[in-house]
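Remarks on the structure that follows.
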Amino acid sequence: MDKGSILKRNTEDWILEILSFLGLLGCLYPLLFYGEFEAGEVFPMHYNFRGEVDGWTDRSILWILPVISVSIYLILLVSERFYRKFTYPVRVNDDNKEQLYRLGVRMLRWLRLFIALLFAYIQLTGLQIARGDVFSLNPVIMGVFPVVLLGVCGYFYLKMFACRKNL
């Protein structure tokens, strides 16, 4: 087993990568309109649990989510190269290490996708709120994202835990 075989992407991985990259582009898209807004215009900065804006700021906020999103994306992208250092829920041995390593890398790829989509949704909806097209984030969507993120982690945790029984 070499490092390249664990990190090698199959069709599902490439689809995840393309969708994650599209999520990043969605987060960057509002920056194209940065110059259209006057310096005094306000943009949503913070939302309450119902998705309503409860904090406003100037147009510089348009840079914050893309910077955070790209940073998280890159950290997760680089992190997958260090799959041997991950903390796994079962003891890693010669019999299960390849399966565990692949699951760990795949989990990061799924997390990268959902985080990119979350930030793109918040950024694009924030632009619509600033323009007056919508008035709040969809609370259902915002409630689903944490469940999905935890669900992805739980799913892969269970798959990794099952590797213990396959010995």
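In percent, rounded to a whole number, the relative contact order of the chain is 33, using alpha-carbon pairs under 8 Å and six or more apart. Could you tell me which of rounded, prolate or oblate describes segment 82-167, using a ≥ b ≥ c as the square roots of the eigenvalues of the alpha-carbon gyration tensor, with rounded for a/c under 1.5 and, failing that, prolate when a/b is larger than b/c and oblate otherwise? Because a/c hits 1.5 or more and a/b exceeds b/c, segment 82-167 counts as prolate.
Using packing as a proxy for protection, rank 24-32, 122-130, 78-86 so that the peptide with the highest average count of other Cβ atoms within 10 Å comes first. Spell out each step's value before the answer.
Numbers: 24-32: 17.4, 122-130: 19.6, 78-86: 13.7.
Sorting 24-32, 122-130, 78-86 by mean packing, highest first, produces 122-130, 24-32, 78-86.
With respect to the chain, whose longest principal axis is taken over its alpha-carbon atoms, helix 64-79 is tilted by about 10°. Here the peptides 61-68, 110-117 are ranked by packing, the mean other Cβ count within 10 Å, and the order with the highest first is 110-117, 61-68. Among Tyr121, Tyr155, Tyr73, the residue with the largest mean-square fluctuation in a Gaussian network model of the chain, with springs joining Cα atoms closer than 10 Å, is Tyr155. Note the angle between two axes, namely the Cα long axis of helix 97-131 and the longest principal axis of the Cα atoms of the chain, as a number of degrees from 0 to 90, rounded to the nearest 10. Result, in degrees: 10. Within the same chain, aspartates and glutamates fewer than 8 places from Lys8 are excluded, and of the rest, those with a Cα less than 16 Å from its Cα are Glu17, Glu80, Glu98. As I understand it, the value is the acute angle between the Cα axis of helix 11-28 and the longest principal axis of the Cα atoms of the chain; what does it come to in degrees, rounded to 10? With both axes taken from Cα atoms, the answer is about 20 degrees.
One entry in (i) 12.2; (ii) 10.9; (iii) 12.9 is mean projected area of the Cα convex hull in nm² calculated from the shown coordinates; its label is (ii).
Laboratory data are not the source of any read-out in this text; all were calculated from the coordinates shown. All figures in this text were calculated on a predicted structure; none of them were measured in a lab. No Cβ is skipped: glycine too gets one built from the backbone with ideal geometry, and neighbour counts run over all protein chains shown.
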